[in-house]
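Written out below as structure tokens is the structure these notes cover.
The values are calculated or read from the model by the stated rules, or taken from the named source; none is laboratory data. These figures come from a predicted structure and were not determined experimentally. Here Cβ is always computed from backbone atoms with ideal geometry, including for glycine, and neighbour counts include all displayed protein chains.
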Amino acid sequence: MKTFRLPGTNLVVPAIVTGVMRIQDKSDAEVRALYDASLAAGINFFDHAAVYGSEMHGCERRFAEALKLTPSQRDEITLQTKAGLVREDGPYFDFSYDELISSVNDSLTALDTDHIDILLLHRPDALVEPEEVAKAFDELESAGKVRHFGVSNESPGQIELLKKYVAQPLVANQLQLSITHADLITQGMSINMGALDQSVDRTIGTLDYCRLHDITIQAWSPFQAGFFNGPFLGNPDYPELNVVIDRLAAKYDVPTEAIATAWIVRHPAQMQVVTGTTNPERVTAAAKGGDIVLTKVEWYDLYRAAGHIVP
């Protein structure tokens, strides 16, 4: 498994991350199987959020109850969670001091740990008061409750607004990215080509901004064709793409999931890929992509087969 030091931290992290947003109703044995498969594949990084589960902090609580990690086992993994997305009376976003402090304290209790390795703000809050975020981050850091901070689905301007007030480095930005949902990458390929829809800037230069400021992009939904409308793997709506994926899977002797993750990992921005499956076999398959270095020809073969234009 490819690993690297997460910029702005002392954490050595894997290229592939296990997301646990769907474990609320899984048995202890099923959660343990997912955890064990992750570790066996070289994944020691687990992505949570306060809102994941049928109740607030439900998946965090299920994770801790099922695994019952010892202190030494806890120290061997990276726990990331998110705060600021509230389900009660909503959903709505709340990046206030009170909500962030309360959410982190509840996450610590649910996860049965004394610290969160990385806390992300869960999507942008249109009513954000960055002074409140800064106050919460300072208190959480000084108390040793959170070691590193980041955001999710935020634009360069939104991050700059936070950085004006927040003292801590923002080390990660979790964004949707797959071979087919690739606006982060495709728009830069077609700059100033008005005849192409691909040239429309929907990401406001977020990829380049994150690279320039040492913010690691964490790609979520790496198998989704679009916005939660099903996977592209084996999807008859993507025949050309699946032909190329199958050919490369055969060449590298890996499952097709590995080619999907390898396409993201190959990008020089040094991203992490966040999976969302509860199937241990699929975690193992996806993790194999962390060991593959696609050639430029192969990477662009996949890019074109997904319907993106190389001008």
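Things worth noting here:
- Hey, ALA33 of a type in the set (Gly, Ala, Ser), touching a helix residue (DSSP H, G or I) at 6+ places or on another chain (Cβ under 7 Å) and surrounded by 17 or more Cβ atoms within 10 Å (Cβ to Cβ) or not: yes
- Residue pairs meeting the criteria (Cβ under 9 Å; at least 6 apart or on separate chains; first free of Cβ contacts under 8 Å to residues at least 24 places away in the same chain, in the stretch 148-160; second assigned to a helix (DSSP H, G or I)): GLU160/TYR209
- Looking across GLU154, GLU160, one residue alone is within 26 Å of PHE93 (Cα to Cα), among the acidic types (Asp, Glu) and surrounded by 22 or more Cβ atoms within 10 Å (Cβ to Cβ). It is GLU154.
- From LEU108, LEU121, LEU100, LEU140, residue being of a type outside the set (Gly, Ala, Ser), touching a residue at least 12 places away in the same chain (Cβ under 8 Å) and under 21 Å from CYS210 (Cβ atoms): LEU121
- Condition met for GLY144 (modelled with pLDDT of 95 or more and at positive phi): yes
- Condition check for GLU99: more than 28 Å from ILE16 (Cβ to Cβ) and surrounded by fewer than 19 Cβ atoms within 10 Å (Cβ to Cβ): no
The rows are residues; the columns are (1) part of a strand (DSSP E or B); (2) not charged (D, E, K, R).
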residue: VAL17; (1), (2): yes, yes
residue: LYS26; (1), (2): no, no
residue: SER38; (1), (2): no, yes
residue: MET56; (1), (2): no, yes
residue: LEU69; (1), (2): no, yes
